[in-house]
1. In the set Y60, Y107, which member is assigned to a loop (DSSP other than H, G, I, E, B) and buried (at least 20 other Cβ atoms within 10 Å of the Cβ)?
2. If D194 satisfies all but one of (1) out of contact with any Lys or Arg (no Cβ under 6 Å at 6 or more places or on another chain); (2) buried (at least 23 other Cβ atoms within 10 Å of the Cβ), what's the number of the condition it fails?
3. Can you tell me how many residues within region 124-136 are in contact (Cβ under 8 Å) with a residue 40 or more places away in the chain and part of a strand (DSSP E or B)?
4. State whether one or more residues within region 276-299 are within 16 Å of T113 (Cβ to Cβ), out of contact with any strand residue (DSSP E or B) (no Cβ under 9 Å at 6 or more places or on another chain) and without any contact (Cβ under 8 Å) to a residue 12 or more places away in the chain.
5. Would a scan of region 65-75 turn up a residue that is in the same structural domain as A174 (by TED's automatic domain parsing), under 23 Å from S119 (Cα atoms) and of a type in the set (D, E, K, R)?
6. Would you check which residues across region 137-181 are part of a helix (DSSP H, G or I) and charged (D, E, K, R) and list them?
7. Are any residues in region 210-235 in a helix (DSSP H, G or I) and more than 20 Å from the chain's Cα centre (by Cα), and if so, which ones?
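The values are calculated or read from the model by the stated rules, or taken from the named source; none is laboratory data. Since the structure is predicted, the reported quantities are computational estimates derived from the model, not experimental observations. Here the Cβ is made from the backbone with ideal geometry for all residues, glycine too, and neighbour counts use every protein chain on show.
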Amino acid sequence: MASVRQYSARAWLLGLGLALIATVPLQAQELNCNVSVNYQQLQGSQYEYLRELEDQIRRYLNERRWTNDSFEEIERIDCTVQIFFESAVTLTRFRARLVLATRRPIYGTTQYTTVLQLSDPNWEFEYPQGTPLIFNPEQFHPLTSVLDFYAFIMLGYDYDTFSELGGTPFFEQARRIAELAQAAGASGWNQIGDDRSRVALITQLLDPRYRAIRQAYFRYHFEGLDHFVQDPEAARAVVLDVLRALEALHQEVARPYVMDLFFMAKYQELTAIFEGSRLAQEAFALLSELDPSHLSAYNRMVQ
């Protein structure tokens, strides 16, 4: 049985007239990730074998069924995963940075909106040449468990944009991976002293105190952006209401990592939504308080 996400995506396809494509196979995998691996920081030709990891990770993410829902090829979640090798601990053990982003279509348009983008600088793993990547959710592995964790994070964020709190089952699976990692004493999974760690991310996503942020993803996308072509003023009003809800949360709790991620993905889009509109002044006042790091972008709304 298809989820709310699939029904919504199919509605978008019908709106674009793409539902008549009869050659698209059913039951496709969920992720459509473009993967790149950069090992230029590593000195020496002995590391050239790492180029094989690019295809390994691409197939690992894209050829696996991560959910029980039915996806059509055109419904797959567009994502990018970049891996930058920063140092070699040994000939086969490395420290790397992972950068990822996901996007989803905007109903009634040919445009996409960024849902999530983040950078994880604390990835350490071993990869001897030719090692296969094996999915085993019950056992922690420094390489594949990080890939699994972020696969479920990407799924959770995407589902949250199509139904309120719809990503919870996938965030729960990500939390299980984090628990296995902590039990193994793995590097990069610190719970204390790093408010931007993987553990901090999944803890906040499932913390009821920050539920308003996840609800914001649904309202912003499903009730706001997806109706922008049909009724721009009503869509702007929804997005402004989302900002008011985030302001209320901002006044109650310390600024969480998940709120930073929302504005990192949305600050340019928010500027475009309100620029030149009658709601620009109020939106600017809210955004100046909520996201001062992108104030230079928001200034364009009121100039």
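1. Details: Y60 fails: assigned to a loop (DSSP other than H, G, I, E, B).
So the residue among Y60, Y107 that is assigned to a loop (DSSP other than H, G, I, E, B) and buried (at least 20 other Cβ atoms within 10 Å of the Cβ) is Y107.
2. All conditions pass for D194, except number (2).
3. Kept after step one, since they are in contact (Cβ under 8 Å) with a residue 40 or more places away in the chain, are these residues of region 124-136: 124, 127, 129-130, 132-133, 135.
Okay, now just the ones that are also part of a strand (DSSP E or B), so 124.
Adding up the residues that qualify gives 1.
4. Within region 276-299 (the criterion being within 16 Å of T113 (Cβ to Cβ), out of contact with any strand residue (DSSP E or B) (no Cβ under 9 Å at 6 or more places or on another chain) and without any contact (Cβ under 8 Å) to a residue 12 or more places away in the chain), the answer is no, since none of the residues qualifies.
5. no
6. D148, D158, D160, E172, R175, R176, E179
7. Applying the first criterion (in a helix (DSSP H, G or I)) to region 210-235 yields 210-227, 232-235.
Listed by number, the residues that qualify are H227, P232, E233, A234, A235.
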